[in-house]
Amino acid sequence: MTNPAAPALPSQYEPKAAEARWQTLWEQNQVFRANPDLNPDAPSYCIVIPPPNVTGSLHMGHAFNSALIDTLVRYHRMQGKNTLCLPGTDHASIAVQTILDRQLREEGKTKDDLGREAFLERAWQWKEQSGGTIVNQLRRLGMSVDWTRERFTMDEGLSQAVLEAFVQLYDQGLIYRGQYLVNWCPASQSAVSDLEVEPKEVDGHLWHFRYPLSDGSGSVEVATTRPETMLGDTAVAVNPADDRYRHLIGKTLTLPILGREIPVIGDEFVDMAFGTGCVKVTPAHDPNDFEMGNRHGLPFINILHKDGTLNENGGEFAGLDRFVARKAVIERLQADGVLIKTEDYRHTVPYSDRGKVPVEPLISTQWFVKIDPLAEKALKFLDEQNSPRVVPDRWRKVYRDWLANLRDWCISRQLWWGHQIPAWYAVSETGGEILDHTPFVVARTEAEAWEQAKAKYGDTVQLERDPDVLDTWFSSGLWPFSTLGWPQSTADLDRYYPSSTLVTGFDIIFFWVARMTLMAGHFTDRMPFQDVYIHGLVRDENNKKMSKSANNGINPLLLIEKYGTDALRYTLIREVAGAGQDIRLEYDRKTDESGSVEASRNFANKLWNASRFVMMNLEGKTPAQLGFDLTPDSPNLELCDRWILSRYHQVITQTSDHIEAYGLGEAAKGLYEFIWGDFCDWYIELAKSRLYGEGDAGSKTTVQQILAHILEGIHKLLHPFMPHITEEVWHSLTQSDEQTYLALQSYPDRHDAWINPELEQDFELVIGVIRVLRNLRAEAGVKPGVKVTALVQSGNDREQQILTTGMPYIQALAKAGTLTLVQSADEAPRKSLAGVVGTVQVLLPLEGVVDLEALVKKLEKDLGKVEKDLKSLQGRLKNPGFVNKAPQEVIDGAKAALSEAETQAQILRDRLAIL
RNA sequence: GGACGUAUAGCUCAGUUGGUUAGAGUACAUCGUUGACAUCGAUGGGGUCACUGGUUCGAAUCCAGUUACGUCCACCA
């Protein structure tokens, strides 16, 4: 090694140790701890991470989401913003309770055996375990979050926020308790929201029955996919415009089996064209029928227990499970001769997302949030202020449509794990039991509840708290501001709220994004984030959505172990183009290998070695010690120096612009091309001869300065994407101590003065000549190590000038020992291989044994290509339509291309003629 | 039943407001251990841009339709 001061770095980057080391140092030294009071004049940047559910561990989707967030956060931090990235986890009420229920079942127990207290203790244990795993995974991903501000949706502060929000909404008349039809999940024995229901296509049947008219004058035919609900029928509806049945409206029918008299009603909801045009109406067990029941004042007969068995209203079927009862009802109807037919019927059945069983629409008493006033406010923000700004734009419409079309939100869940509803019932008023009509008080604390209750019902009142908990999304809806201290007014809220960007997948726009905007609009009078960046999901190698049920998840830690966190992060980001597109991850399940992550690992290794090379050639100096006093007009800059500096400054601009437009993938790709292509393949190669002392001393210093300067810049530019390797190398490069961090350095400044497109084009010509010469060498079968004699010919003054400057580059990189620049090709031996770039001819004379036929073949091939272009260009320029209508610059471009092609063709023909 | 997304090299994907010779990575083939890197370098082969029609001097790009895959929303018994 030429540099004794540079650390002896191995030739392969080992991510494992470096990543662990920096993760620990960052955290121990609270590098990412936010301080709201710091730099009052600096803008702030805040991302509150979407809290993962404490349901186990993180999957690839989390890794993707985290990579995007951390890249944004690190970028903005380096831009000098006062930055906070706040981590946390979500209690995931129903999801966690489902897991615990399953565990208990495996132990042969139920939650009632344990009792609420012991159950919750167990739930907290689970939370500690799963939450711990998740938080450690976030660390492994290199998230630059402020761990001192870590939150959990059920911790003390956030629980306070939930209480406050509930009480306020209740006091404002926006929360009410009422009897409504809800989606009932018999498996978890709880109400679930509309969003927790997923429709599934199933092959079922459509059963047709005959309901006789009570006056004996005939019958009507109705059909259903759920025959057992007929036990709860309280009417049959027909469309009042339907001539076939209009006369029946007002008559009564006798319900089979139970013999109940039910009316025929007219309702426009009924589709005359579907089925028979007669609909059985079960107001207590069907959403449409519920509405009809309300419209027509029909009785609501509930036939189900909460566990899905039939209750006493089911008559002889009482006690049977709903699906058993279905069969029994069909048999009985058949026996009674009123079953007309059974059709096979494919239809959608609503399934409970968590319980994995069909949900049952069921009347019950629940708590609701009145959604209209909240939705109106969020819509107003969107329409009038485009707030939040949705990226990509197409999701804005999806979000808007949903907001505009909402039903009241059922927020009570018959579960134990979660925020218990702060309502206390005066059970002494209703015989010691909580009934639908038991009076209640809503309060922030139990003491406050007693106070209110005593005032209303006297000192002897007995209180019992509502056993139900709130929908998980109630607390998640407060997340962007509850985590910053709301309802207290805090410095954090002041400084970081509203947050800058919410980064999340489209799958929870409704569940979560909209709930946050609803709550934030109401409680903080503004939208909780400026931008919403919606990304796609990670698909598996077969383009399938990764899911637990399909068991096709890819464990991010396996890939991290194999290739490193930086490689995984870089892969995930590099794959995302524009925004919002799903990404597909290459993966071999047998070997746990991924070609694309491997490519990123190789890129990291390339960077490592390039850095190693540069550091070995700086004579122990840091970039700061070498200094960078060069300006675009410094006389001692060579063509390649100006070129790489121009490219470098373009890349700074381009990377920033892309990141700020959420084009993270484009930014990542641009850096890859610059680092591997421009910097490593060309600049470093050209720098070698100067570093090895083959030029003057000034040239060596200049090249060292530039190498050091750009290398440091590269690490800064790449740091948001690959935080560990860049932090590691940057420390060696700058010889910084362990209390100084690249993560806190400022991003490279853009200096447009360095950008020189014309010069870049000149340099492209040199590169072109090198490529052609290399190609000729390969065609001629010249071994890579052998130096050749070659000629470069151009009759153009400007090209001559560029080539003169570029001569040493061509000699070095194309291994041309003797290289002559000539005006005319006559000076070349007859037996030469030839190629063209622009109007420059590159000639490789061949002595001795030469396969003439091969030379001719190559020339003919090249000529064929050029002639094809030539023809198309000539055709175009002869076309009056083109010449008259196309813009001048396009025509000029075509003319220039034509003359170049003509020159090329001529060169090739001449060459062929000589042979 | 609505709405949306995607279709380009064997594979994963780029391709800006239409401008002619459609690009990367990867895989493949050939050559290579010169003093950063074989997790590398050089070179090469490989595409009727899903299909059909239209607009235009000119279409991967714009329009209409078709097909395939995927996603979301929806109360049809």
At 7 Å along Cα-to-Cβ for each site, give me the label-to-label distance between A:PHE323 and A:GLN906 in nm. 8.5
Among the aspartates and glutamates, which fall within straight-line cross-link reach of A:LYS111, defined as a Cα-Cα distance under 13 Å, with same-chain neighbours fewer than 8 residues apart omitted? A:ASP101, A:GLU121
Highest first, please rank the peptides A:208-217, A:83-92 by the mean number of other Cβ atoms sitting within 10 Å of their residues. A:83-92, A:208-217
For A:VAL390, other-chain or 5+-apart residues with amide H closer than 5 Å (H placed, Pro excluded) are A:VAL532
Which shape class applies to the range A:814-913: rounded if a/c is under 1.5, otherwise prolate when a/b exceeds b/c and oblate if not, where a ≥ b ≥ c are the square roots of the Cα gyration tensor eigenvalues? prolate
For A:ALA241 and A:ASP869, compute 0.36 nm times the residue count separating them, minus their Cα-Cα distance, and round to one decimal in nm. 219.0 nm
Using a ≥ b ≥ c from the Cα gyration tensor of chain A (square roots of the eigenvalues), is it rounded, prolate or oblate, where a/c under 1.5 gives rounded and otherwise the larger of a/b and b/c decides, a/b for prolate? prolate
Give me the net charge for the shell around A:MET272: Cβ to Cβ below 15 angstrom, other residues only, Lys and Arg +1, Asp and Glu -1. -4
Filtered hits (lysines, Cα-Cα < 18 Å from A:LYS341, offset >= 8 within chain) -> A:LYS280, A:LYS327
Just want to confirm a number: the relative contact order over the range A:368-479, from Cα pairs under 8 angstrom separated by 6+ residues, in percent. 29
Rounded to the nearest 10 degrees, the helix A:287-296 long axis (Cα) sits at an angle to the longest Cα principal axis of chain A of 40
Stretched out fully, how many nm does the piece from A:ASN602 to A:TRP676 gain, at 0.36 nm a residue minus the Cα gap? 25.6 nm
Given labels modelled 7 Å from the Cα in the Cβ direction, how far is it in nm from A:GLU291 to A:ASP752? 5.8
In nanometres, what is the gap between the two model label sites at A:LEU25 and A:VAL202, each 7 Å from Cα along Cα-to-Cβ? 5.9
Relative contact order for the range A:764-915: what percent, with Cα pairs under 8 Å and sequence separation of 6 or more? 25
Debye log10 I(q)/I(0) for the range A:137-180, one point scatterer per Cα, at q = 0.15, 0.26, 0.28 Å⁻¹: -0.60, -0.93, -0.97
Residues whose placed amide H lies under 5 Å from that of A:LEU821, excluding near-sequence neighbours: A:VAL792
Using the heavy atoms of the protein chains and a 1.4 angstrom probe, tell me the accessible area per residue for chain A in square angstrom. 43
Any idea what angle helix A:723-734 forms with the longest principal axis of chain A, computed on alpha-carbon atoms, 0 to 90 degrees, nearest 10? 40
The range A:571-618, Cα convex hull volume normalised per residue, Å³: 75
Whole-number percent relative contact order across chain A, with pairs defined as alpha carbons under 8 Å at least 6 apart: 12
Per 0.36 nm of contour for each residue apart, how much would the distance between A:ASP582 and A:GLN179 grow if the chain were fully extended, relative to their Cα-Cα spacing? 140.9 nm
Taking chain A as the reference, fit the longest principal axis to its C-alpha atoms, fit the long axis of helix A:757-780 to the helix C-alpha atoms, and give the angle between the two in degrees, 0 to 90, nearest 10. 80
Does the range A:298-358 come out rounded, prolate or oblate by the C-alpha gyration tensor, with a ≥ b ≥ c the root eigenvalues, rounded set by a/c under 1.5 and, if not, prolate when a/b is larger than b/c and oblate if not? oblate
Near A:LYS370, which lysines are there with a Cα under 18 Å away, not counting those fewer than 8 places off in the same chain? A:LYS380
What are the ³J(HN,Hα) couplings of the range A:745-751, residue after residue, when phi is run through the Karplus curve with 6.51, -1.76, 1.60 and θ = phi - 60°? Round to Hz, x for glycine and proline. 7, 8, 5, x, 7, 8, 10
Name the residues whose placed amide hydrogens come within less than 5 Å of the amide hydrogen of A:THR89, ignoring near sequence neighbours (fewer than 5 apart) on the same chain. A:ARG151, A:PHE152, A:THR153
Can you say what percent of the DSSP beta bridges in chain A, counting only those with both residues inside, are antiparallel? Round to 5. 70
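The values are calculated or read from the model by the stated rules, or taken from the named source; none is laboratory data. A quick note: this is a predicted structure, and the numbers were derived from the prediction, not measured. Backbone-built Cβ (ideal geometry, glycine too); neighbour counts: all protein chains shown. Only protein heavy atoms, including side chains, enter the accessible area calculation; ligands, DNA and RNA are left aside. Shrake-Rupley method; radii C 1.70, N 1.55, O 1.52, S 1.80 Å.
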